[in-house]
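All of the numbers you see were taken from the coordinates with simple rules; none came from a lab. Please read these numbers as outputs of a predicted model, since none were measured by experiment. Methodologically, a virtual Cβ is constructed for each residue, glycine included, from the backbone with ideal geometry; neighbour enumeration extends over all protein chains shown.
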Amino acid sequence: MTTSLPVLASTREELSTLLADARRSGLRVGLVPTMGALHEGHASLMREARDRVGDGPVVVSVFVNPLQFGAGEDLDRYPRTLDADLEVCAREGVDVVFAPSVEEVYPGGDPMVTVEPGPQAEVLEGRSRPGHFRGVLTVVAKLFGLVRPDVAVFGQKDYQQLALIRRMAEDLCLGVDVVGAETVREAGGLALSSRNRYLDEEQRLEALALSRALRAAQEAAAYGVGPALDAARAELRAAHAVDLDYLEVTAPDLSPLPDPVPPGTVARVLVAARVGTTRLIDNMPLVLGHPEGRPDHEPDHEPDHQQGER
Ligand code: PAF
């Protein structure tokens, strides 16, 4: 395994020079866009990119994108750990780390033209964080333009982001294969996130309620949406430091589920909550309804049925 540090590019020119040979040789280029503070979840994205491009270069971008942070969000305190990030990239055999300044990405200040994310951005995170996905899609489109990757890998943990980036690549014919990699979890189930480092020990324990809630929803999903949400809610209520933002079950493309839901329907359960001052999100797939009809016994929690809760 390569352990030498990847080449660091901080300007568009450096990046373009570094990738020129690979392009001339017809090698596939892989991109893993990140905001740094890299952890094992990011490392798994890098491995996925390597699998997809073989001998071609894997580029990791490290850029805390101001355009996707709202007023009062954690732009200023977002962890910036470039030296440690380079070590993670070295361990994963990454070829190039592109870590531009804000001026390099947005030379004239905020861009006049941005990517309008459409209706898929109006639910869930989009409702709680207005403008967030316009910022995400705009910077991802720029990164696609600068790196011109054949494949780009994103985590399923940011499920709505992944769905929107897929849709952007398709609708705008960007020619990039967008890959979603599975969420990496700690032993207790907590999804890895750069924001976990804001949690103290007690909050970390409370945060486990999110993945417990999603698992409870998966288990109760055979009984329908209502019982799945009830089961999840019961777990979240038991964690007093968890302040729920939303808990919803949607179709995999984030559209509302059909009514009635045909047995065996594949869906997604998504949650966002604040633990102390830290906002966490998570999601899991589930299968709704019992393919052989409704099971005999209802699960054991209060019948408080709603498709979504905020
Ligand atoms: O998921 C992230 O880290 C960011 O939203 C991304 C995709 C790198 C865009 O800034």
Margin query: With both bridge residues required to lie in the chain, what share of the DSSP beta bridges run antiparallel, to the nearest 5%?
Written below: 55
Next item on the list: Starting from the Cα gyration tensor of region 63-114, take the square roots of the eigenvalues, sort them a ≥ b ≥ c, and report rounded, prolate or oblate (rounded when a/c is under 1.5, otherwise prolate if a/b is larger than b/c, else oblate).
Entry: oblate
Notebook entry, point to check: How big is the convex hull of the Cα atoms of region 1-127, per residue, in Å³?
Noted result: 148
Check: Using alpha-carbon pairs under 8 Å, 6+ residues apart, how would you state the relative contact order of the chain in percent?
Finding: 16
Next item on the list: Determine, from the Cβ-Cβ distance of Leu75 and Glu182 and an R0 of 30 Å, the FRET efficiency 1/(1 + (r/R0)^6), rounded to the nearest 0.05.
Entry: 0.60
Next item on the list: Give me the distance in nm between label points sitting 7 Å out from Cα along the Cα-to-Cβ direction at Glu201 and Thr277, one decimal.
Entry: 2.2
Note to self: At 222 nm, what value in deg cm²/dmol follows for the chain if DSSP H runs of at least 4 each add -39500 (n - 2.57) and the sum is divided by all its residues, to the nearest 500?
What the structure shows: -11000 deg cm²/dmol
Next item on the list: Tell me the label-point distance for the pair Asp259, Asp55, using the 7 Å Cα-to-Cβ offset, in nm and rounded to one decimal.
Entry: 5.8
Check: Based only on the alpha carbon positions, what is the Kirkwood hydrodynamic radius of the chain, in angstrom?
Finding: 20.6
Next item on the list: Obtain the nm distance between the two label points defined at Thr3 and Ala20 by a simple spin-label model: each point lies 7 Å from its Cα along the Cα-to-C-beta direction.
Entry: 3.3
Note to self: Can you classify region 96-199 as rounded, prolate or oblate using the Cα gyration tensor, where a ≥ b ≥ c are the square roots of its eigenvalues, rounded means a/c under 1.5, and otherwise it's prolate if a/b beats b/c and oblate if not?
What the structure shows: rounded
Check: When the distances between all Cα atoms of region 167-279 are binned every 10 Å from zero, what whole-number percent does each bin get?
Finding: 13, 37, 31, 17, 2
